[in-house]
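Notes for the one structure printed next.
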Amino acid sequence: MTLTPSGGLTVTKAGAVIEGLNITGPVIIEAPNVTLKNCKITFTGYWGVYIKPGVTGTIVQDNEINGTGTNNEGSHGILGTGTFLRNNIYNVENGITLNGGDTTIRDNYIHDLKASGAPHYDGIEVDGGISNVTIEHNTVLNDHTQTSAVMIDNYFGPVSNVKVDNNYLVGGGYTVYVDGQFNGGSISGVSVTNNYLEKGYYGYYLVRNNDATVSGNAQAPARRAPAVEKSLR
């Protein structure tokens, strides 16, 4: 489709549908039930799509989100909560970061993580104060020796009911963290199942101070397995 050029946007209308734009700058969503789809978003700075805390019903789907890899220390392709489907996210420090619960992350392609400063690369971040999250059928490639493809921790609060299932996850220090070392509260009801994992620099998993379920995952030492990647898409 032909995209219409646009600057960055702040969406304040409930139920708005933003579609078919070539956006230079961030998209900030302040209203409920907004849909952002079929757009290209190119940004520098802290976020490509920011859903403000407490905003519900957001759908972000079928977008290309490019953080450019420069002037983007601490950047997030998507920061917020909602339903995130089939987005292509790259040139950022963190692909998708949650700031609340009740979120579905499905069929996204997160790859080529690149940021300025002193980055700690995570494909998907769940940093506490979060519950009821489904992460399934995503491809997350972290070519760095730190930090993760999926990070779940209790830094900002407790974590409960997070399902990580049927994803293709590669790289970082450990490919998947479920880390309860911080003081934010307990981690409960986390499951990491039926994924295809390629080993991070230190290993496949770090599960600490919690009883996450880890089962049914395939593990491989190699960086890429194209046949498996293709089968997951």
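The separation of region 1-27 from region 86-148, counted between C-alpha centres, amounts to 22 Å. State the percent of C-alpha pairs, over all pairs in the chain, separated by a distance greater than 29 angstrom. Cα-Cα pairs in the chain separated by more than 29 Å: 22 percent.
Nonpolar atom fraction for the chain, defined as the carbon and sulfur part of the 1.4 Å probe accessible area, stands at 48 percent.
According to the Kirkwood expression over distinct Cα-Cα pairs, how big is the hydrodynamic radius of region 95-140, in Å? Spell out each step's value before the answer.
Details: mean 1/r = 0.0859 Å⁻¹.
Evaluated on region 95-140, it is 11.6 Å.
Surface analysis of the chain yields an accessible area of 41 Å² per residue, using protein heavy atoms and a 1.4 Å probe.
Arranged from highest to lowest average of other beta-carbon atoms within 10 Å per residue, in what order do the peptides 204-212, 84-92, 130-138 appear? Before the final figure, lay out each step's value.
Working: 204-212: 17.3, 84-92: 23.4, 130-138: 20.7.
Top to bottom by mean Cβ count within 10 Å: 84-92, 130-138, 204-212.
With an 8 Å Cα cut-off and a minimum separation of 6 or more residues, compute the relative contact order for the chain in percent. The partial results should precede the final answer.
Details: 803 pairs, mean separation 25.9, N = 233.
Computed over the chain, the figure is 11 percent.
Label positions at Y201 and T24, each projected 7 Å from the Cα along the C-beta direction, are separated by 3.6 nm.
Is there a pair in K13/K163; K37/K199; K40/K199; K52/K163; K37/K114 whose C-alpha atoms are over 28 Å apart, and which pairs would that be? Cα-Cα > 28 Å for K13/K163; K37/K199; K40/K199; rest within.
Descending by average beta-carbon neighbour count within 10 Å, the peptides 108-114, 119-125, 28-34 line up as 119-125, 108-114, 28-34, the highest first. Decide, for region 1-129, between rounded, prolate and oblate: order the square roots of the alpha carbon gyration tensor eigenvalues as a ≥ b ≥ c, take rounded if a/c falls under 1.5, and otherwise choose prolate if a/b is larger than b/c, else oblate. Judged from the Cα gyration tensor, region 1-129 comes out oblate (a/c at least 1.5, b/c at or above a/b). Between amide H atoms placed 1.01 Å from N, distances below 5 Å from N195 occur with N166, N167, N217, A218, all of them 5 or more places distant or on a separate chain.
Stick to the Cα atoms of region 36-110, pair each with every other, and give me the Kirkwood hydrodynamic radius in Å at one decimal.
Values: mean 1/r = 0.0839 Å⁻¹.
For region 36-110, the Kirkwood estimate is 11.9 Å.
Per-residue ellipticity at 222 nm computed for the chain from its helices equals -1000 deg cm²/dmol, with DSSP H segments shorter than 4 residues left out and the rest contributing -39,500 (n - 2.57). Taking the square roots of 5 times each eigenvalue of the Cα gyration tensor of region 146-197, largest first, gives ellipsoid semi-axes of 20, 14, 6 Å.
The values are calculated or read from the model by the stated rules, or taken from the named source; none is laboratory data. Just so it is clear, the model here is predicted, and its values are computed rather than measured. Because the Cβ atoms are built from the backbone with ideal geometry, glycine has one as well, and the counts that use them run over all protein chains shown. In case anyone asks, the SASA skips ligands and DNA or RNA and just uses the protein heavy atoms, side chains included. Shrake-Rupley method; radii C 1.70, N 1.55, O 1.52, S 1.80 Å.
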